[in-house]
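Note sheet for the following structure.
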Amino acid sequence: MVILDILLLLAAGSPASSSTIGRMLDERREAANAARLQINAWVRTSPAPQFGLPPDKFAERLRILVDTPQSLRQGYYPWCLPAAFLNSVLRRFPDKVVGFALDLYTTGRARLGNLAVQMSSRFLTFDFPAEIEKEYQKKLAENESSPEVLTRGRDIFLQAHADWLLLAGIEQLTRPTQAVTGSISDAKDNGHNSSGLGVGTLANDLVNLFMGCGLYASATKLPDGDKQDKQRLVAALSRCKDEEDVCLLSGMLRFIGQGSGGHAVRLVEPPIISPNTANTGSPEKDENVKFKFWSFGFKPGSIDYSKVAFDDLENAFTFAQTREAFGRFLIVRAVPK
């Protein structure tokens, strides 16, 4: 079966050639170097502190995100869609993200490609560290997890103050008529996982972000027919590591076997399709799709890792679904320019 999958992949359109991959790596290195130069030049201007975040700490975090996009942290906020989008853009266009970040920090207004955002006055004065501490104390009081796990989470999120600012900017782009205030309650009540907003809305907003920024030649949802046809599914996902950014959207349960609400992730590498032991006579039920995806930007302590594998280097999870269940994911493919 593995050999068959390889043949299907080759027949359907192979992944990027070595020359294409080399060119893309060169472009990423150049963009990363340009991003570092932007950060260094900005620091030399002695910018005033904003958001309760010292400029040197902000610059230090941006350098980390440029070098390791997979370290972008979503934190306590239900901003999986901004995280999936920003992680994709960071790994290809770090210079564009850094320009966006520096302007957002300095003025509260910024552009990411063709997308322009302005944060509310309430957001500009919001106390992020105090909000994280309040949430931490709440979780402690409710015995949501062990004190050690909760303390680790709090400390990780406090280190990701810059991440919160960038993700809030992306979240604001998807809520142009409603101001992002910065609070966790606002993110839960008015964000993408609020009542009445489904996974379909997530997918549409993700397509709009990819296309609206002007950095991608195309962004489309994979048709149901392509998801149900094994050869076309393999072909569609074969380029997710190098040539394209591919995001999966569904209920949290389908990603880690627990949880609720819609979720968006970035596919890290082409999935592996292999037979399972169901023996139902239906190919869609008798094959599993093993897929690796980036999400959260750290290793949460609340997940059952006997069911989900975790890659510490990539901050990526590996889970498996039957091919029938995998076909129910909404899949967004974005092709960079």
Would you work out the relative contact order for region 68-192, in percent, from Cα pairs under 8 angstrom that are 6 or more residues apart? 37
Counting Lys and Arg as +1 and Asp and Glu as -1, what is the net charge of the other residues whose Cβ lies under 9 Å from the Cβ of Arg266? 0
Straight-line reach from Lys307: which aspartates and glutamates have Cα under 18 Å away, leaving out those fewer than 8 places along the same chain? Glu287
What does the charge count around Ser146 come to, taking other residues whose C-beta lies under 12 Å from its C-beta (Lys +1, Arg +1, Asp -1, Glu -1)? 0
May I ask you to give the average projected area over all directions of the convex hull of the Cα atoms of region 130-216, in nm² rounded to one decimal? 7.0
Within 11 Å, Cβ to Cβ, of Pro82, how many net charges do the neighbouring residues add up to if Lys/Arg are +1 and Asp/Glu are -1? -2
Just the Kirkwood number for region 18-190, please: inverse of mean 1/r across all distinct Cα pairs, in Å, one decimal. 16.8
What are the semi-axes of the equivalent ellipsoid for region 38-85, taken as the square roots of 5 times the Cα gyration tensor eigenvalues, largest first, in whole Å? 23, 14, 8
Using helices alone, what [θ] at 222 nm do you get for the chain, with -39,500 (n - 2.57) per DSSP H run of 4 or more residues, divided over all residues and rounded to the nearest 500? -14500 deg cm²/dmol
What is the chain's relative contact order, in percent, from Cα pairs under 8 angstrom and six or more apart in sequence? 21
Match the structure shown to one of the listed values (i) -0.25, -0.56, -0.68, -0.93; (ii) -0.21, -0.48, -0.60, -0.86; (iii) -0.37, -0.65, -0.73, -0.90 of log10 I(q)/I(0) by the Debye sum over Cα atoms at q = 0.06, 0.09, 0.10, 0.12 Å⁻¹, computed from it, and give that label. (ii)
Over every pair of different alpha-carbon atoms in region 86-156, take the mean of 1/r and invert it; report that Kirkwood radius in Å. 14.6
Sorting Lys241, Lys307, Lys290 on the 10 Å Cβ count, fewest up front, what's the list? Lys307, Lys290, Lys241
Along the charge dipole of region 18-190, pointing to its positive end and built from +1/-1 on Cβ of Lys, Arg, Asp and Glu, which listed residue (His161, Gly52, Thr174) has its Cα farthest out? Thr174
The farthest towards the positive end of the charge dipole of the chain, of the residues Asn288, Ala309, Thr220, given +1 on Cβ of Lys and Arg and -1 on Cβ of Asp and Glu, is Thr220
Each residue of region 175-191 in turn: what ³J(HN,Hα) in whole Hz from Karplus with 6.51, -1.76, 1.60 and θ = phi - 60°, glycine and Pro shown as x? 10, x, 9, 9, 6, 7, 8, x, 7, 5, 4, 5, 4, 6, 7, 10, x
Between region 283-325 and region 217-254, what is the C-alpha centre distance in whole Å? 16
Output for region 209-301 (equivalent-ellipsoid semi-axes, sqrt of 5λ from the C-alpha gyration tensor, Å, descending) is 24, 19, 12
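A short reminder: the numbers here are calculations on the coordinates, not readings from a lab. Nothing here was measured: the structure is a model prediction, and the numbers come from that model. Please note: Cβ atoms are built from the backbone with ideal geometry, for glycine as well, and neighbour counts cover all protein chains shown.
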